[in-house]
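Coordinate-derived values only; no laboratory data. Bear in mind the structure is a predicted one, so any value in this text is a computation, not a measurement.
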Amino acid sequence: MNKTFLLLLAGLAMGAQAAGYGMAGCGLGSIVMGPKGSQVSAATTNGTSYSQLFGITTGTSNCAEDGVSMDRSETRSFAEANFEVIRQEMAQGQGENLEVLASLMGCDHASFGASVRSEYGSIFDRSDVTPDMMLDRVEATASCATR
């Protein structure tokens with residue numbers, strides 16, 4: 001079942017990469033107009049709001065080093081669906097679900113696994129940690145060397 005889910009997730013990621021954004025590039029215009037919307041309007045929106053420069057600087061607004069932005073909601077959905085397994089794999093510093101989480105967060109698998117393992121006590125310092133809390137804590141404490 002895990003391999004089926006990973007294949008489905010990989011297919012969705014390839015679809016997202018294929019869709020990307022239009023010729024106007026990343027920024028608020030790419031979000032508002034989408035990849036098939038008016039590229040003139042997208043470029044105008046990017047230019048007047050300065051969102052493209054901000055997005056490139058911060059890695060937001062569909063701006064990512066590889067041209068693909070992994071929406072936080074995708075990461076959150078994956079974390080919620082696989083929370084207990086991810087928690088166990090974080091304690092070990094390795095595992096299939098942890099690798100997928102690293103990929104969704106744009107991190108190198110090996111360094112991410114070692115980092116969350118060393119920060120496990122900080123990430124799961126209480127028994128009532130939720131998937132959202134876990135993601136926030138991972139982003140705040142774990143080292144994420146980019147791929």
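When only Cα pairs under 8 Å and 6 or more residues apart are kept, what is the percent relative contact order across the stretch 72-141?
The normalised contact order for the stretch 72-141 reaches 32 percent.
How large is the Kirkwood hydrodynamic radius of the stretch 72-141, counting all unique pairs of alpha carbons, in Å? Spell out each step's value before the answer.
On the way: mean 1/r = 0.0863 Å⁻¹.
Taking the inverse mean of 1/r over all distinct Cα pairs, the stretch 72-141 comes out at 11.6 Å.
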